[in-house]
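Single-structure report; data block below.
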Ligand SMILES: [Zn+2]
């Protein structure tokens with residue numbers, strides 16, 4: 001379990017590798033989520049600005065408002081695949097990401113984990129999560145998890161991000177070995193399907209433009 005657990009911040013914390021920032025921390029902007037090992041990366045926050053109305057995207061391409069930084073071509077191709085997979089099977093989560101996520105940045109260190117900066121919509125995707133399984137199911141679940149961390153109109157905290165990995169991961173039919181484990185982490189932190197319904201309602205309202 002420790003071998004697998006080390007890939008998630010919650011359990012990595014339990015084995016003493018990572019010191020989390022607290023939810024109430026004034027450094028919310030630099031909160032490190034879902035990472036183990038390495039140092040926090042200082043990023044220049046991108047100020048949020050009103051989004052222009054979204055036009056329909058060409059089929060087979062990802063939202064053109066995201067910035068992609070530092071990805072090798074093969075990793076970028078897999079990330080695009082994962083995003084298109086989300087777009088097809090979990091459109092609510094994908095649409096939320098088009099509103100809440102500004103950029104995806106690659107970190108190629110072999111032990112580099114993934115994490116998110118919720119208030120600015122930056123997501124770091126790490127090589128450790130990319131290399132975890134060849135079918136990229138784990139990488140895709142981590143992507144779902146980090147996107148949920150940017151759902152500040154809904155629930156962006158850790159338990160909800162773990163629950164998202166299960167909920168949307170099931171829609172994508174990701175390996176249940178990963179998704180069930182992620183749900184277990186959410187429940188352990190007191191999350192529930194009732195709470196998730198609350199998150200979903202807020203997300204759907206936000207997607208419709210009600211609170212954007
Ligand atoms: Zn997390």
Only unsatisfied item for residue 140, checking (1) in contact (Cβ under 8 Å) with a residue 60 or more places away in the chain; (2) touching a helix residue (DSSP H, G or I) at 6+ places or on another chain (Cβ under 8 Å); (3) more than 11 Å from the ligand (Cβ to nearest atom), is (1)
Members of the range 107-137 that are without any contact (Cβ under 8 Å) to a residue 60 or more places away in the chain and assigned to a loop (DSSP other than H, G, I, E, B): 108, 110, 131, 133, 134, 135, 136
Which numbered condition residue 147 fails, given (1) within 15 Å of the ligand (Cβ to nearest atom); (2) farther than 21 Å from residue 209 by Cα; (3) in a helix (DSSP H, G or I); (4) in contact with a helix residue (DSSP H, G or I) (Cβ under 7 Å, 6 or more places away or on another chain): (2)
Just to be sure before I move on: is residue 155 within 14 Å of the ligand (Cβ to nearest atom) and surrounded by fewer than 24 Cβ atoms within 10 Å (Cβ to Cβ) in the structure I sent? yes
Just one listed residue, out of 63, 115, is at pLDDT 95 or above, under 17 Å from the mean Cα position of the chain (by Cα) and more than 24 Å from residue 205 (Cβ to Cβ), and it is 115
Look through 187, 174 and report the one residue that is over 19 Å from residue 118 (Cα atoms), without any contact (Cβ under 8 Å) to a residue 40 or more places away in the chain and crowded, with 22+ Cβ neighbours inside 10 Å. 174
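The values are calculated or read from the model by the stated rules, or taken from the named source; none is laboratory data. Nothing here was measured: the structure is a model prediction, and the numbers come from that model. Note that each Cβ is placed from the backbone with ideal geometry, even for glycine, and that neighbours are counted across all protein chains shown.
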